[in-house]
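Trainee: So that we are looking at the same thing, I have put the structure below in structure tokens.
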Amino acid sequence: MKLREFKTEIFAGINNRSYKFENGLNIILGANEAGKSTLINAIYASLFINPQIKLNTTEGKEFQKYYFPYPDGDYAEAELKFEIETQTYKIYKKWSNNNYSGYLELSDGRRIEKTNKIAAYKKDLFPYAKSTYNNIVFSSQEDIKSTLARINAEQNPELINTINSFLRKAVMELDGVSIDKFRQKLNENLTELTKRWKLKADTISNSARGVNNPYQVGTGKIYDLFIAKEKLRLKIKESKINEKEYEKISSEIRKLKEEEQKLIKDIEKLAKIEAEINQRVEIELKLANKRERIESLEKIKEKWPQLEQQLAELQSTKQAQELKSQKLEAEKQRSQKLSQKEELEVKIKKIKQLKSEKLKQKEILAKINFTKKDLEKLEKAKNKIAQNKASLKASKLKAKINFSESDKIKVTAGVDREKTVPKDQIIEADGYLKIKTDQIEIEIESAEINFASLKEELNSYQKEFLNLKRKMKVSDLKEAKQKLAEKDEAARELNRQNTELRELLAGANLDSLENNLDQLAKVKAAREIEIIDKEIEKIKDDLANLKTEIKIRENKKEEWKIDYQNLANLKLKLAEQVEAKINLAKKLEQLASLPAQYENSQEFVTSLQAKREEREKINQNLRLKIEKYKELENLLPVESTPEMENKLENLKEKLEKAKTRASKLVKIKEVFEKKLKEMDQNSFSPLTKSFSKNLEILTAGKYEQGIIEDDFSIQIQTNKNKKLPGKLELLSYGTYDAAALALRFAIFDNLFKQTGGFIILDDCLVNLDPKRRKNAIKLINQYQKKYQILYTTCEPERAAELNGNIIKI
């Protein structure tokens, strides 16, 4: 199979494109994102993806995302011409969710549009299924590095089976015996017997699909025999149950008819006196009501005078409690005023104390008459004096004067006063020294300072310092700071005391508070307010209870007045009720007597009603039983139970025979597969040979042999006979790519040797060094003589090296 031409109006990011392919090597050259991968994906989609895109599937969503035009395109389309054995075919597809279409045009010009027919033709045209092409023929630049991982039986069973089947046929000569047909026939026979049946477990494959919910199609003989056996077994069981139930119902019908006849006789007897008994019930009910009414009136007649006496007593008690409550309230007010008196005494005492303390703070403030600014001046003068003295000391002068004792020498050292010095004394001075005799006067100044200016400034600050101390009445700076702190504290305390006084006075003055205190002193003594409150609360509770009791009795009296006006009228109504009761008793004596088995008329009525209901119930039950009897009669099988039991034994025998035959076929299959596996031991020889040859070329002879196990685990062997494990990802990128490409070419060559085909290479030379790349190009050129190769690259230099038909994207 070879590709000839690809056209598209729109597919992903490419539109209005047409490309022709030649035999051998076709190089698809274009910059990154130019559409090389899109072209390959479009060819793959043309061959293998149905035009109807179902957006509720993962495949459909991904196709829409990657291949419908961005942002809101709703279709893609492509046309692909390919050649098989000199015959040209064309596939056209328009992919869409709703508006999809497609056809396969055969070499004679006929068009096939039905999806299932196209699939059938593709099976004949393409030697292998979609997975083989996807994993061997179409491998992207990313996929080529995972070729070895993808060719794994667990991930791609269809692909590995294809390779195994092909290789087995390549190394076995079967003298005309078709192993595949033999295996197929064996599997078909096993399927016919065991489908939907677990032979080893000797049970159905799905426990939910047993005799109560059997499969209708797609079942094996064992399953069918099992279901038939179970259905017959259940039928026999049901038949036995129905026969037993049939006899039981017949007996129940007889008993029900006997019960019904007995009830009919009882009902007819009682019905004769039913009318008079009903009258008796009515009169007895009225008589019972009269008795209750008379009893109620008698009680009210007795309670009425008692109620009036209770009301009088309760009203008297209530008045006494109210008077006591008033006295307690007066005592409570006196107690509250006495509490106010105590609070006022404490407040006045506190006010006087605060006024006294205020005088002390004012005295402190009066004594300290300087401010923070005066303190800052004092501190500044002291600092300046210290600075000037330090400057003078830094310019130290030292002198020794030799003179006779008769001479008078006067010396002025630094800023000190002039003084007479004794003979041979060493004189030290800060910055300035003046020696004075009767004859001469010598002044010495340090060259480093301006002594006159410094002395003047020092004297000025010393004078200011002394004046400030006198004004502030302090001996030094420390005392001044301490006094100012005392002044600030006194001011704060005075402010606090003023605030507290305002709060205590609350707009009043001391005289008015003292007047109030004099008034409160006249209040008479009282108990503590807590004791008084307890007594008041108790009286309130007692009064509340009394009011409730009074209200209850008043309501009851009002209720009686509404019904009877007064006690005399109540007595009159009582006499009327007594007379009515006597008349009802006379009427009762004239009616039919109650049967002895009944205590009262109501019991008679209830019993008769119950008997009628019981008869109706029996009658209804009898009808149901008769219906059930007829149903069971119809359900009794045509075949007798013994006949069905014989038939069941027959089915059991057939089932066991089918299981035995299936077990024998399984053993045959095991022996067959075992022998086939022994024959398969050399299946990979052609593939191993091709792989080793390709590997040696691609790795420049460094690795000369590749070993492929049955499960496609790979080992490679160096030219020094050192074997490396199948985890080729541990190798360098170049060696890894070379091994993967060598195996891919080997598999492709073994699969498509007879049918021919095309393969996609996506710039697989990127990680190869120059020597290996040269060898890889040589290998590609060897294969392009037998097969069609589509090589994609973005590098013009690579295209030039490959020297094939260049298709620019």
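Trainee: Looking at Leu256, is it assigned to a helix (DSSP H, G or I), on the phi < 0 side of the Ramachandran plot and more than 55 Å from the chain's Cα centre (by Cα)?
Mentor: yes
Trainee: Right, something else. When you scan segment 27-49, do you find a residue that is without any contact (Cβ under 8 Å) to a residue 12 or more places away in the chain, over 19 Å from Val137 (Cβ atoms) and not in a loop (DSSP other than H, G, I, E, B), even just one?
Mentor: Scanning segment 27-49, I find no residue that is without any contact (Cβ under 8 Å) to a residue 12 or more places away in the chain, over 19 Å from Val137 (Cβ atoms) and not in a loop (DSSP other than H, G, I, E, B), so the answer is no.
Trainee: Follow-up question, since we're still on this one. I want to confirm something. Restricting to segment 564-581 and keeping residues that are part of a helix (DSSP H, G or I) and either free of Cβ contacts under 8 Å to residues at least 40 places away in the same chain or out of contact with any helix residue (DSSP H, G or I) (no Cβ under 8 Å at 6 or more places or on another chain) (or both), which single residue is farthest from Lys303 (Cα to Cα)?
Mentor: If we take residues in segment 564-581 being part of a helix (DSSP H, G or I) and either free of Cβ contacts under 8 Å to residues at least 40 places away in the same chain or out of contact with any helix residue (DSSP H, G or I) (no Cβ under 8 Å at 6 or more places or on another chain) (or both), then Glu579 is farthest from Lys303 (Cα to Cα).
Trainee: Now for a separate question. Which condition breaks for Tyr246 when tested against (1) surrounded by 13 or more Cβ atoms within 10 Å (Cβ to Cβ); (2) assigned by TED's automatic domain parsing to the domain that holds Thr660?
Mentor: (2)
Trainee: Restricting to segment 1-11, name every residue that is in contact with a helix residue (DSSP H, G or I) (Cβ under 8 Å, 6 or more places away or on another chain) and surrounded by fewer than 21 Cβ atoms within 10 Å (Cβ to Cβ).
Mentor: Of everything in segment 1-11, just one residue is in contact with a helix residue (DSSP H, G or I) (Cβ under 8 Å, 6 or more places away or on another chain) and surrounded by fewer than 21 Cβ atoms within 10 Å (Cβ to Cβ), namely Met1.
Trainee: Restricting to segment 290-312, and then to whatever is without any contact (Cβ under 8 Å) to a residue 12 or more places away in the chain and surrounded by 12 or more Cβ atoms within 10 Å (Cβ to Cβ), can you tell me which residue is farthest from Glu554 (Cα to Cα)?
Mentor: Across segment 290-312, the extreme among qualifying residues is Ser296.
Trainee: What's the number of the only condition in (1) in contact with a helix residue (DSSP H, G or I) (Cβ under 9 Å, 6 or more places away or on another chain); (2) surrounded by fewer than 16 Cβ atoms within 10 Å (Cβ to Cβ) that Gln609 fails to meet?
Mentor: (1)
Here is a yes/no grid of residues against (1) modelled with pLDDT under 80; (2) in a loop (DSSP other than H, G, I, E, B); (3) more than 23 Å from Lys753 (Cα to Cα):
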| residue | (1), (2), (3) |
| --- | --- |
| Ile118 | no, no, yes |
| Asp124 | no, no, no |
| Ile136 | no, no, no |
| Gln155 | yes, yes, yes |
| Thr162 | yes, no, no |
| Ser165 | yes, no, no |
| Gly176 | yes, yes, no |
| Leu193 | no, no, yes |
| Gln216 | no, yes, yes |
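Trainee: On to the next question. Here are Glu535, Glu559, Glu599, Glu528: which of them is within 30 Å of Lys337 (Cβ to Cβ) and loosely packed, with under 13 Cβ neighbours inside 10 Å?
Mentor: Glu528
Trainee: Taking Ser316, is it assigned to a helix (DSSP H, G or I) and touching a residue at least 24 places away in the same chain (Cβ under 8 Å)?
Mentor: no
Trainee: Being without any contact (Cβ under 8 Å) to a residue 60 or more places away in the chain, in a helix (DSSP H, G or I) and of a type outside the set (Phe, Trp, Tyr) is true for just one of Lys551, Lys522, Lys540, Lys557. Which residue is that?
Mentor: Answer to the check: Lys551.
Trainee: Now a separate question. Out of the residues in segment 742-792 meeting the condition of being among the aromatic types (Phe, Trp, Tyr) and assigned to a strand (DSSP E or B), tell me which one is nearest to Ser37 (Cα to Cα).
Mentor: Per the stated criteria, the residue is Tyr791.
Trainee: For Thr88, only one of the following conditions fails: (1) surrounded by fewer than 17 Cβ atoms within 10 Å (Cβ to Cβ); (2) not in a strand (DSSP E or B). What is its number?
Mentor: It fails just one condition, (2).
Trainee: Need the failing condition index for Leu263 against (1) in the same structural domain as Trp197 (by TED's automatic domain parsing); (2) surrounded by 15 or more Cβ atoms within 10 Å (Cβ to Cβ), just the number.
Mentor: So Leu263 meets the others, but not (1).
Trainee: Scan segment 582-603 residue by residue and report those that are hydrophobic (A, V, I, L, M, F, W, C) and either in contact with a His (Cβ under 7 Å, 6 or more places away or on another chain) or outside any helix (DSSP H, G or I) (or both).
Mentor: Leu591, Ala592, Leu594, Ala596
Trainee: May I ask you to list the residues in segment 313-345 that are surrounded by fewer than 14 Cβ atoms within 10 Å (Cβ to Cβ) and among the acidic types (Asp, Glu)?
Mentor: Glu313, Glu322, Glu329, Glu342, Glu343
Trainee: Still on this model: Would you point out which residue out of Leu256, Leu232 is in contact with a helix residue (DSSP H, G or I) (Cβ under 6 Å, 6 or more places away or on another chain), farther than 25 Å from Lys647 by Cβ and of a type outside the set (D, E, K, R)?
Mentor: From the options Leu256, Leu232, the qualifying one is Leu256.
Trainee: Out of (1) within 26 Å of Tyr783 (Cα to Cα); (2) under 50 Å from the mean Cα position of the chain (by Cα), the odd one out for Glu77 is which?
Mentor: (1)
Trainee: Just give me the residues in segment 447-503 being touching a residue at least 40 places away in the same chain (Cβ under 8 Å), acidic (Asp, Glu) and over 30 Å from Lys358 (Cβ atoms), in sequence order.
Mentor: Residues satisfying the conditions are Glu448, Glu457, Glu464.
Trainee: What are the pairs, 6+ residues apart or on separate chains, where a residue within segment 635-654 that is within 19 Å of Glu243 (Cα to Cα) has its Cβ under 6 Å from a residue that is surrounded by 13 or more Cβ atoms within 10 Å (Cβ to Cβ) and of a type in the set (Ser, Thr, Tyr)?
Mentor: As it stands, the answer is Pro637/Ser239; Thr641/Ser239, since those pairs meet every condition given.
Trainee: Another question about this same structure. Tell me which residues, restricted to segment 193-209, are surrounded by fewer than 14 Cβ atoms within 10 Å (Cβ to Cβ) and either in contact (Cβ under 8 Å) with a residue 12 or more places away in the chain or not assigned by TED's automatic domain parsing to the domain that holds Ala228 (or both).
Mentor: Asp202 - this is the single residue of segment 193-209 that is surrounded by fewer than 14 Cβ atoms within 10 Å (Cβ to Cβ) and either in contact (Cβ under 8 Å) with a residue 12 or more places away in the chain or not assigned by TED's automatic domain parsing to the domain that holds Ala228 (or both).
The values are calculated or read from the model by the stated rules, or taken from the named source; none is laboratory data. Worth saying up front: this structure is predicted, and the values here are computed from it rather than measured. Glycine gets a Cβ as well: all are built from the backbone with ideal geometry, and neighbour counts include every protein chain shown.
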